[in-house]
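Report on the following structure.
Here, each number is a calculation from the coordinates, and none is a lab measurement. Note that the structure is a prediction, hence the values are computed from the model and not measured. Note that each Cβ is placed from the backbone with ideal geometry, even for glycine, and that neighbours are counted across all protein chains shown.
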Amino acid sequence: MTKDAKSTFPKLVQGESNAATDEGRKINAKIDEAFGKLAKKMRDRADKAKGKLDGVKKVDKRAVLLRRFELYADAATYLEERLLHREDRSE
């Protein structure tokens with residue numbers, strides 16, 4: 001070994017896209033889509049629990065439905081906030 005062993009990665013040509021960057025954008029788009037889908041599902045479940053809450057008279061059942069509503073609503077809110085944070089970061 002007379003020469004210094006240097007890494008010889010190919011350099012990007014001006015205007016060419018980086019495959020890793022493109023892959024990262026694709027994956028981030030899939031993650032954002034999954035966050036949105038899950039947030040919508042949690043919001044729908046919270047609304048369903050809230051809808052059932054109006055017709056229930058038993059105290060125990062109302063407590064269960066109220067807690068279910070709170071948990072689903074909190075989860076949906078958290079996911080929606082994270083999604084907004086991810087969108088702000090990507091811009």
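Here are a few things to note about the model shown:
- For the pair E81 and D44, label points projected 7 Å from Cα toward Cβ lie 2.4 nm apart.
- Measuring how big segment 46-91 is from its alpha-carbon positions, Rg and Dmax come out at 14.9, 50 Å.
- Nitroxide proxy distance, nm - points 7 Å out along Cα→Cβ at R25 and K61: 5.3 nm
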